[in-house]
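Participant: Sharing a structure here in structure tokens format.
The values are calculated or read from the model by the stated rules, or taken from the named source; none is laboratory data. Bear in mind that the values here come from a model prediction, so they are computed numbers and not experimental data. Don't worry about glycine lacking a Cβ; one is built from the backbone with ideal geometry, like all the others, and counts go over all protein chains shown. Keep in mind that these areas ignore ligands, DNA and RNA; they rest on the heavy atoms of the full protein, side chains included. Shrake-Rupley method; radii C 1.70, N 1.55, O 1.52, S 1.80 Å.
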Amino acid sequence: MEFSVLISRSIFMKGRARLNSGASAWRGSADSASPEQSMVFKGATQTDNAVAALVEDTTAGKVLMLKPGDSLARGTIAAITLDRLDYSVAGHVTRVAIGQNLVGDQAAAVPSTGPTTMTSPVAPPGASTDDVLERMRRRRQQEVGR
């Protein structure tokens, strides 16, 4: 079968992620994923002279605002900059860039039902943290079609 590879791989996903059967096909192996694989670093924001990470829990569909030292999945947030976070588990630190999960892999994309606009998750000057979180929630709801 000449096109049989299309049954097991998506031509539309970065990295040509493998597909599973069923409803979780577009999420890779989200149902059997480790907690680190379901947590995606979406960006960071400056709050009261500190940088906070915005991490999406793709399993629960929530965005968490975290600071260095906060517990997440099976580890802790070691450090945060505007473009990356350091995630520590049992003394091993993983540098996570925006759009990656806590393992350091590019997060699997969930296909949207319509066009989306790319906006920076970093708060513009004068914007409150709640405004940024609300925009991210609305954008995520559009992506998953809720």
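Participant: Take Gly43 and tell me if it is part of a loop (DSSP other than H, G, I, E, B), modelled with pLDDT of 90 or more, out of contact with any His (no Cβ under 7 Å at 6 or more places or on another chain) and of a type outside the set (A, V, I, L, M). Break it down stepwise before answering.
Facilitator: Details: part of a loop (DSSP other than H, G, I, E, B): no; modelled with pLDDT of 90 or more: yes; out of contact with any His (no Cβ under 7 Å at 6 or more places or on another chain): yes; of a type outside the set (A, V, I, L, M): yes.
No: the conditions fail for Gly43.
Participant: Which of the residues belonging to the stretch 63-106 are closer than 13 Å to Ala44 by Cβ, touching a residue at least 40 places away in the same chain (Cβ under 8 Å), part of a strand (DSSP E or B) and among the aliphatic types (A, V, I, L, M)?
Facilitator: Scanning the stretch 63-106 gives Val63, Met65, Leu85, Val96, Ala97.
Participant: Restricted to the stretch 57-79, and to residues that are β-branched (Val, Ile, Thr) and open to solvent by less than 40 Å² (accessible area, probe 1.4 Å), which residue is modelled with the highest pLDDT?
Facilitator: Initially, the stretch 57-79 is screened for residues β-branched (Val, Ile, Thr), giving 58-59, 63, 76-77.
Checking which are open to solvent by less than 40 Å² (accessible area, probe 1.4 Å) leaves us with 58, 63, 77.
Numbers: Thr58: 88, Val63: 90, Ile77: 95.
Looking at the filtered set, the residue picked out is Ile77.
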